[in-house]
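Worksheet for the structure shown next.
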Amino acid sequence: LDSAGRRVFDLRIRAGQREFVSGRPSSTWGVDSDYLGPTLRARRGERVLVNVANGVDETTTLHWHGMHLPPEMDGGPYQPIEPGATWSPTWTIDQPAASLWYHPHPHGRTARHLYRGLAGMFLVDDNPVPGLPHRYGIDDVPLIVQDRRLDGGRLDPDEPMSGTTGFLGDHLLVNGILGPYLEVTTTRIRLRLLNGSNARVYDFAFADGRPFAQIASDGGLLSAPHGTRHVQLAPGERAEIVVALTPGERVVLRSASPATGAGLVQRDGGADRFDVLELRAAPTLTNSPELPDHLAALPPLPAHTAVRTRTFELAEHHINGRKMDPRRIDARVGKDTTEIWEVRSGDGTLHTFHVHDVQFQVLSVDDRKPPPELSGWKDTVLLPPGTRMRLIMRFADYADPHRPYMFHCHMLYHEDQGMMGQFLVL
Ligand code: C2O
Ligand code: CU
Ligand code: CU
């Protein structure tokens, strides 16, 4: 904490060398590290100050994905950090407990900068929920899942392109590690999954098909644990799960191609299966409490409170027929108003939709009530071909007539190609 009571993080973006395969160094980027960056953590109500020094030879940015903050602190394309410069955003954490993340967002170069290794988790804490595992690194573990191409064990720092959705790799890294395992010492473990990949959609499940509970989505806890056997995540999305283990057992968390639009993904090499993580339970385990029946209050944003509905069709690297143009504002929304954004993939391809600053609720998926995994706070959704989703969001607290926030497809190749727009809150 500094003298003003702010929680201060000093971060340095730098180049490095990482051996994903021993004896085969790759040129990578990281934040205070050769690859990826530290988990940042702050409490709701706390004021934070992050000093981000750019130690690489390209201009980049650092964006706080999922964070509710003023647009000048957002770290999008309008907050470039020149080589050698330091950018110091400060804001008050004002949202429920959640697993957020940070990554670069320079216009047209996000895919490459993320691919080289710039990303990390940003955990927001609130009053602990009794019964939820919460000891970081012991029974509460973040997993940053990324596919990468390793040619002869080496990563090409210039992200290669393939397929229509963008880059798909042939190896899986979890927290920057190839083929990881985790020793578990408790009867229940909480995994905070982040799809930090450029384009790949995962459908996570345990090899033995065991059930687990999803407890949180992008922007915080669900109202109650959702019992399931798999969880699908598109690039940018997060889910927290809790799984039970018995002493001495081993179980592998796997990923397969998603059920939605599977044929399309397969054409792009997205149908591959990967082992994500092996959980190795110790011979004796400490008892974890039962999961609570109730996790969080999730007051619904009712549709009738929306002042307007906007529609966004994503197709062929455009949103509503237009590419990102820094000189054009695509939407002006009123501060302290609620809107419905109706989003649709219109070109037979998988897309995603992400909005900065807000966490939204899914009102409907093709006019049906959203499934339990989409019932909580979200900032990114997967849009299978032809699917139409109605999202409701409230634009509160921050207005700025000059600095826009972004909305875009989080398939990073699409984003860099211009599948992005900007909105002002006035
Ligand atoms: Cu995860 Cu506009 O970003
Ligand atoms: Cu974002
Ligand atoms: Cu897209």
Can you report the number of residues in the range 167-224 which are aliphatic (A, V, I, L, M) and not in a strand (DSSP E or B)? 4
Answer yes or no: is there a residue in the range 408-424 that is more than 11 Å from ligand 3 (Cβ to nearest atom) and either buried (at least 24 other Cβ atoms within 10 Å of the Cβ) or over 27 Å from residue 72 (Cα atoms) (or both). no
Considering 40, 49, which residue is surrounded by 14 or more Cβ atoms within 10 Å (Cβ to Cβ) and under 21 Å from the mean Cα position of the chain (by Cα)? 40
Just to be sure before I move on: is residue 283 part of a strand (DSSP E or B), crowded, with 21+ Cβ neighbours inside 10 Å and modelled with pLDDT of 95 or more in the structure I sent? no
Is there a residue being part of a helix (DSSP H, G or I), touching a residue at least 40 places away in the same chain (Cβ under 8 Å), over 16 Å from residue 56 (Cβ atoms) and not assigned by TED's automatic domain parsing to the domain that holds residue 237 anywhere in the range 78-99? no
Restricting the search to the range 306-343, which residues are of a type in the set (Asp, Glu) and assigned to a loop (DSSP other than H, G, I, E, B)? 316, 325, 330, 336
Close pairs (8 angstrom Cβ cut-off, 6 or more residues apart or separate chains): closer than 13 Å to residue 10 by Cα in the range 28-53, outside any strand (DSSP E or B) and of a type in the set (S, T, N, Q) anywhere: 49/88; 50/88; 51/88; 52/88
Listed by first then second residue, the pairs whose first member lies in the range 56-77 and is at negative phi and part of a loop (DSSP other than H, G, I, E, B), whose partner is of a type in the set (Asp, Glu) and within 9 Å of ligand 2 (Cβ to nearest atom), with beta carbons under 8 Å and at least 6 positions apart or on separate chains, are 67/74; 67/357; 68/357; 69/357; 74/357
Flag for residue 382 being in a strand (DSSP E or B) and away from ligand 3 (no atom under 16 Å from the Cβ): no
Qualifying residues in the range 385-407 (those that are within 16 Å of ligand 3 (Cβ to nearest atom) and surrounded by fewer than 21 Cβ atoms within 10 Å (Cβ to Cβ)) - the one nearest to residue 355 (Cα to Cα): 388
From the option list 265, 242, 201, single residue qualifying as at pLDDT 95 or above and either within 16 Å of ligand 3 (Cβ to nearest atom) or surrounded by fewer than 23 Cβ atoms within 10 Å (Cβ to Cβ) (or both) is 242
Do we find that residue 405 is among the aromatic types (Phe, Trp, Tyr) and within 13 Å of ligand 1 (Cβ to nearest atom) in this structure? yes
Limited to the range 344-379, what total is found for residues that are part of a strand (DSSP E or B) and more than 19 Å from the chain's Cα centre (by Cα)? 6
Only one of these is assigned by TED's automatic domain parsing to the domain that holds residue 110, more than 16 Å from ligand 3 (Cβ to nearest atom) and farther than 24 Å from residue 156 by Cα: 45, 23, 30, 55. Name it. 45
Considering each residue of the range 122-144, count those that are over 17 Å from residue 46 (Cβ atoms) and among the hydrophobic types (A, V, I, L, M, F, W, C), and give that number. 6
Regarding the range 146-168, can at least one residue be identified that is at pLDDT 95 or above, within 16 Å of ligand 2 (Cβ to nearest atom), under 30 Å from residue 324 (Cα atoms) and buried (at least 16 other Cβ atoms within 10 Å of the Cβ)? no
Test set (1) within 25 Å of residue 100 (Cα to Cα); (2) in contact with a Lys or Arg (Cβ under 6 Å, 6 or more places away or on another chain) - residue 365 fails condition number: (2)
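The values are calculated or read from the model by the stated rules, or taken from the named source; none is laboratory data. Remember, predicted model here, so these are calculated numbers, not experimental data. Note that each Cβ is placed from the backbone with ideal geometry, even for glycine, and that neighbours are counted across all protein chains shown.
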